[in-house]
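Report on the structure given below.
The numbers here are math on the coordinates, done by the rules we state, and not lab data. Everything numeric in this text was worked out from a predicted model, so none of it was measured. Cβ coordinates were reconstructed from backbone atoms using ideal geometry, including for glycine residues, and neighbour counts include every protein chain displayed.
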Amino acid sequence: MTQDVDLDAVVRQRVRGLRLARGWSLEALAARCYMSPSTLSRIETGHRRIALDQLVPLARALGTTIDQLVEPVEDEDVVIRPEPEQVHGMTTWLLTRPGAIPGMTVAKLRVTPRRPVRELRVHPGREWFTVLSGTVRLRLGERVIHVGPGQAAGFSTMVPHAIEAADGPVELLSIFDRDGERAHLRADA
């Protein structure tokens, strides 16, 4: 019973939070999900339990899914203590748990200077990174682009590419899609 009450509270907070984030009044959201403003007010304040048949129009009107509205709140995914791992001459700290963000992995990378990569890599998808310190030499086909601290780069990974340290060690924060993770972070790739 406590779990049901807690879930109701979480859903109420999410509905109210999403409504306010969009700048909508109770009346505006109520019109979008075909409810009366008083019903919606009672749901948000906890004076009425949310019925399953109300979740569908609420989720649709708020631009989310029922799964996201009722997703349990867990503390174990809040703090991540990444362990460094050496892969392909880079030190990598994974900042997301496996499967936490479907199809996406966030990682901090440290790249140390070494000889330029001879063969540039190609794989499906897109890659994005921001430089925390140092300067990245980004090779995209025949182009060489220097990306400094505080700057970011995003590119199609179907372009032959390499990320190298220009003058000294480089630390960057990178977001990989599923294909980028497979190509750059897995030791067996």
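How big is the shadow of the Cα convex hull of the range 95-189, averaged over all directions, in nm²?
Numbers: hull surface 23.2 nm².
Mean shadow area of the hull around the Cα atoms is 5.8 nm².
Note on the chain: with a GNM built from Cα contacts shorter than 10 Å, the maximum mean-square fluctuation among 162, 107, 21 falls on 21.
Using r as the Cβ-Cβ distance of residue 85 and residue 52, and R0 as 41 Å, what FRET efficiency do you calculate, to the nearest 0.05?
The computed FRET efficiency comes out at 0.40.
Taking θ as phi - 60° and the Karplus parameters 6.51, -1.76 and 1.60, the scalar couplings of the range 45-57 work out to 8, x, 7, 8, 6, 7, 8, 4, 5, 8, 5, 4, x Hz in sequence order, x denoting glycine and proline. Rounded to the nearest 0.05, the FRET efficiency derived from the C-beta distance between residue 166 and residue 101 at R0 = 45 Å is 0.90. On the basis of the beta-carbon distance and an R0 of 41 Å, residue 24 and residue 115 show a calculated FRET efficiency of 0.10. Please build a GNM for the chain, connecting alpha carbons under 10 Å apart, and tell me which residue among 137, 19, 114 fluctuates the most. Comparing 137, 19, 114 in the GNM, the peak value goes to 19. Under a Gaussian network description of the chain, with springs only between Cα atoms under 10 Å, the residue in 146, 161, 47 that fluctuates furthest is 47.
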